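Trainee: Got a structure for you, questions after.
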Amino acid sequence: MAYLTGFHAIEELIRSGKAKGPLLVANAGPRARTIMSLATDNKIRIDRVGEHELNRLAPGNRGIALHVEGKDQSNEMTVQDFLANLEEGQDALVVVLDGITDPHNYGAILRSCDQFGVDLVIVANRRSAKDAEVVSKTSAGAVAWVPIAIVPNLVRSVELCKEAGFWVYGADMKGEAVYEKDLRGRVVLIMGSEGSGISRLLKETCDGMVSIPTSGQVDSLNVSVAAGVLLYEARRQRH
């Protein structure tokens, strides 16, 4: 069994309509009571449990925990369905995560994707972050809202996007300054791991590479911070 313990993550999952529960409550403080009211409104069962029992089931809880199944927490869809549902001439922004295995980075990127209007996030079914609890907490519940495609082959998924008229850009320190690229229309942005960057085959699908001009002494930004900056620029150009 898996449990969500972050207040915000629990609230957002309930609001998304995906939560089935039950909601376990040991200490009903003000924030917990707000969540309990939300659960009641959404017809989610609330079970009162002792602190010892809740700590056994959901270590690190703050007096409340929501029982979840893995599929409850995400808004999964296929790349094919996403592309098929695009209308002719419709703009779209897709983010591909290549080798992002740290759940904190993954969650933070999902939070930025939600805030900056990303239409789809594509991740591999291997070499990706697996800790759903940490991802949900770090994303502040955004994992319940951002459409995600979990695929066996990132290269093939990007090729499908290109066939649908997407331009593909990879994040790379040696790339062109991001504000000099046109990120309007249909765009795929690929983020690679902090250690090895974007894999060779995936890099070969790119129409160009983009970077964030910086002036600090450290080599690069954290991947989740870099994703946030790049997505902000894409959002700025589109609005």
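The values are calculated or read from the model by the stated rules, or taken from the named source; none is laboratory data. Bear in mind that the values here come from a model prediction, so they are computed numbers and not experimental data. Glycine gets a Cβ as well: all are built from the backbone with ideal geometry, and neighbour counts include every protein chain shown.
Trainee: Restricting the search to the stretch 200-216, which residues are under 13 Å from ASP98 (Cα atoms) and surrounded by fewer than 18 Cβ atoms within 10 Å (Cβ to Cβ)?
Mentor: Residues satisfying the conditions are ARG200, LEU201, LYS203.
Trainee: Could we say that ARG186 is buried (at least 17 other Cβ atoms within 10 Å of the Cβ), of a type outside the set (A, V, I, L, M) and either assigned by TED's automatic domain parsing to the domain that holds ILE122 or modelled with pLDDT of 95 or more (or both) here?
Mentor: Criteria met by ARG186.
Trainee: Now, a different point. Of all residues in the stretch 145-170, count the ones that are touching a Gly at 6+ places or on another chain (Cβ under 9 Å) and within 18 Å of ASP119 (Cβ to Cβ).
Mentor: 5
Trainee: A further question on this structure: Exactly one condition in (1) touching a Gly at 6+ places or on another chain (Cβ under 9 Å); (2) modelled with pLDDT of 90 or more; (3) hydrophobic (A, V, I, L, M, F, W, C) is not met by VAL68; state its number.
Mentor: Unmet condition: (2).
Trainee: Output the qualifying pairs, or none if there are none: Cβ atoms under 6 angstrom, residues six or more apart or on different chains, first residue in the stretch 28-42 and within 16 Å of ASN61 (Cβ to Cβ), second residue in a loop (DSSP other than H, G, I, E, B) and of a type in the set (Lys, Arg).
Mentor: none
So that you can scan it fast, the table gives a plain yes or no per residue for (1) assigned by TED's automatic domain parsing to the domain that holds LEU160; (2) under 19 Å from GLY141 (Cα atoms); (3) touching a residue at least 24 places away in the same chain (Cβ under 8 Å):
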position: ALA84; (1), (2), (3): yes, no, no
position: GLU88; (1), (2), (3): yes, no, no
position: ASP91; (1), (2), (3): yes, no, yes
position: ILE109; (1), (2), (3): yes, yes, yes
position: CYS113; (1), (2), (3): yes, yes, yes
position: GLY117; (1), (2), (3): yes, yes, yes
position: VAL121; (1), (2), (3): yes, yes, yes
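Trainee: With respect to LEU221, determine if the residue is under 19 Å from the mean Cα position of the chain (by Cα) and more than 15 Å from LEU120 (Cβ to Cβ).
Mentor: Yes.
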